[in-house]
Amino acid sequence: MSLLSCIKRNKMHVFRRLYMRRRQTSGEYETSWQLIPNKYIITWPSIQFSIEDIKPNHYKYSGAEISVINNDGYFSDENKAASFFYGYLGIHNTMVKIESGYIGDDDTEYPTSTTLFIGLISGRNTKYKYNNEINFKINHISSIFDDIPADKISSLGPTQTASQLFTDIKNYADSNGTYYFQKYISSTVWNITATTNYYNIGTTTNLRDISCWKLMQKLSEAENYIFYIDNNVNFWFKERSNIPASSSFHFSGIGDDDKTYGHNIMSKLNIETGLDNIYNRIKIKLAKDDTITSYYFYNETWAWGDSSSSFRFGVQEYSYDNEWLTTATAAQIATTIFNEFSEPKQIIQADVKFVPQLSLMNRVSIKYKSIRYLIASLWGWFLYGSGTWGGVYAYNINIDGDYYITSLKHNLNAFKTTVDIKEI
């Protein structure tokens with residue numbers, strides 16, 4: 001079998017597993033993951049990955065919430081002998097891994113990489129209810145970068161590249177010389193592409209009140225790069241890739257005769273016209289001083305009645321600031337934003353069969369044609385001199401084309417994915 005044949009089946013054969021790694025009294029994590037028996041799990045979480053609406057450099061990760069039953073004290077605090085956490089530091093910051101996918105007829109699991117989410121339990125708001133149900137809130141592993149202020153990184157100076165700063169964050173050490181971030185992301189899986197632009201961070205003043213995560217966002221924006229953490233907790237800082245030339249998957253709905261991918265659109269298909277997300281004037285602030293040279297503008301030259309975006313939709317401004325941008329990079333980013341948002345592009349959201357193999361920015365195709373309506377019969381449709389009865393047909397929804405993925409939300413209770421895709 002294959003992953004595609006598993007998705008196509010009317011009756012899905014699926015799996016989901018919850019693992020934890022506890023902190024020992026020394027502070028170190030266990031070396032191996034501990035499987036939590038499914039009998040304790042009441043509801044599984046929904047897990048979402050998305051890119052920001054405007055800035056494709058920024059990836060967003062949802063947390064997760066899972067409900068468990070504590071009838072036999074399995075999830076009680078570390079002071080109870082029956083507890084899974086007995087003899088350990090407790091539930092807060094326990095690492096969590098969730099695996100999920102399909103099972104083939106020969107018991108092969110799909111996709112090849114079954115890890116869907118890795119995070120940390122936030123034990124601060126954990127409540128033990130009268131009915132023995134506990135809800136655990138789990139932060140995505142990226143939350144570790146919000147824990148450390150950016151001014152804690154070492155080797156600040158006037159001539160550092162973005163890749164050097166990312167490496168400094170990787171190598172951030174506490175007062176005992178322990179590499180904090182490498183406790184969660186192994187030193188061998190930081191993929192940091194070298195850059196050449198220099199940034200003046202000679203003091204901590206311009207890092208005040210921002211976290212390491214925010215600093216990395218600013219730097220990736222300044223380089224027009226992306227950074228993200230994949231499902232297997234590999235860290236990436238690299239050039240933005242173009243949307244792939246070929247499609248990774250096909251979403252098939254009503255009116256689609258192609259059975260290659262099966263009928264995989266389940267329900268709740270909605271279309272946004274894109275008129276709410278039109279920007280044709282881009283303003284970027286490059287410096288703290290509020291002078292004319294502190295800004296970069298990208299404007300259309302337009303006139304009444306022309307075909308410009310500014311005339312047809314009105315002047316819509318998008319603005320933000322990043323003092324580490326060069327004028328050249330600002331111009332590149334502004335052009336990218338204008339090209340993407342100056343014309344309306346459809347955004348489609350649909351509930352589809354569980355597709356754990358797909359990733360953000362994947363190119364996909366979709367076909368969905370709702371009921372065809374015959375508006376009227378017309379006389380006068382001629383074929384080489386022969387009159388025939390013709391018809392004017394209309395559809396409520398008529399989609400057939402290529403899009404790219406901007407959001408994936410996997411519901412592990414219903415084994416469905418809510419996917420947001422945007423017109424290319």
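Could you tell me whether Glu300 is surrounded by fewer than 16 Cβ atoms within 10 Å (Cβ to Cβ), at pLDDT 85 or above and in a loop (DSSP other than H, G, I, E, B)? Judged against the criteria, Glu300 is a match.
Of all residues in the stretch 162-185, which are hydroxyl-bearing (Ser, Thr, Tyr) and free of Cβ contacts under 8 Å to residues at least 40 places away in the same chain? Within the stretch 162-185, Thr167, Ser175, Thr178, Tyr179, Tyr180 qualify.
For Phe235, the stated conditions do not hold, so it cannot be described as in contact with a Phe, Trp or Tyr (Cβ under 6 Å, 6 or more places away or on another chain), crowded, with 16+ Cβ neighbours inside 10 Å, modelled with pLDDT under 95 and farther than 21 Å from Ile7 by Cβ. The residue pairs whose first member lies in the stretch 406-424 and is more than 24 Å from Asn10 (Cβ to Cβ) and not assigned by TED's automatic domain parsing to the domain that holds Arg9, whose second member is of a type in the set (Lys, Arg) and assigned to a strand (DSSP E or B), and whose beta carbons are closer than 7 Å, counting only pairs six or more residues apart or on different chains, are Thr406/Lys422.
Return yes or no: is Asn206 within 23 Å of Trp324 (Cβ to Cβ), at pLDDT below 95, surrounded by 16 or more Cβ atoms within 10 Å (Cβ to Cβ) and out of contact with any Asp or Glu (no Cβ under 6 Å at 6 or more places or on another chain)? Yes, satisfied.
Of everything in the stretch 287-297 that is in contact (Cβ under 8 Å) with a residue 24 or more places away in the chain and either more than 24 Å from Phe313 (Cα to Cα) or of a type in the set (Val, Ile, Thr) (or both), the residue that is surrounded by the fewest Cβ atoms within 10 Å (Cβ to Cβ) is Lys288. Tell me yes or no: at least one residue of the stretch 252-274 is within 17 Å of the chain's Cα centre (by Cα) and within 28 Å of Ser113 (Cα to Cα). No. The residues on offer are Ile284, Ile229, and the sole one that is buried (at least 16 other Cβ atoms within 10 Å of the Cβ), at pLDDT 95 or above and outside the structural domain of Lys8 (by TED's automatic domain parsing) is Ile229. Looking at the structure I just gave you, is Ser100 within 24 Å of the chain's Cα centre (by Cα), in contact (Cβ under 8 Å) with a residue 60 or more places away in the chain and assigned to a helix (DSSP H, G or I)? It is false that Ser100 is within 24 Å of the chain's Cα centre (by Cα), in contact (Cβ under 8 Å) with a residue 60 or more places away in the chain and assigned to a helix (DSSP H, G or I).
The values are calculated or read from the model by the stated rules, or taken from the named source; none is laboratory data. From a predicted model like this one, the values you see are computed outputs, not experimental measurements. Don't worry about glycine lacking a Cβ; one is built from the backbone with ideal geometry, like all the others, and counts go over all protein chains shown.
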